[in-house]
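Q: I am attaching a structure below and will ask some questions about it afterwards.
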Amino acid sequence: MDKKAGRELKTLEAMIKLYCKGNHRAKEIPCFRCRDLYNYAGGRIVNCKLGVQKTTCIQCSVHCFKADFRDRIKTVMRYSGPKMIYKHPILAIYHILDRL
Ligand SMILES: [Zn+2]
């Protein structure tokens, strides 16, 4: 895994946790459903076909997120994005959203 993917995964995880905490009353954070989303989106990041060669997903021609997960990720980002902007390198993950 390249460094950029690792950073994206960390950001993704933090966003999902934040979203889950604020929206789901689960005993475990992230809850089962959110973990599922993380696994899916994380897998897409790691297995991105363009790999290290891509600059950002903004320029990516591969639409690799399925519609259902895409909507869920968007919801998570809309919620967590503004809250995380000071704590995390949020811009690192915006490219995912932009291209969806
Ligand atoms: Zn959750």
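Bear in mind that the values in this text are calculations on the coordinates, not laboratory data. Keep in mind it's a predicted model, so treat the numbers as computed, not measured.
Q: Per 0.36 nm of contour for each residue apart, how much would the distance between N23 and A5 grow if the chain were fully extended, relative to their Cα-Cα spacing?
A: 3.8 nm
Q: Mind listing the phi-derived Karplus ³J(HN,Hα) values for the stretch 18-34, rounded to whole Hz, using 6.51, -1.76 and 1.60 with θ = phi - 60°, and x for any glycine or proline?
A: Residue by residue, the stretch 18-34 yields 4, 5, 4, 4, x, 10, 10, 9, 9, 5, 9, 10, x, 6, 4, 5, 6 Hz.
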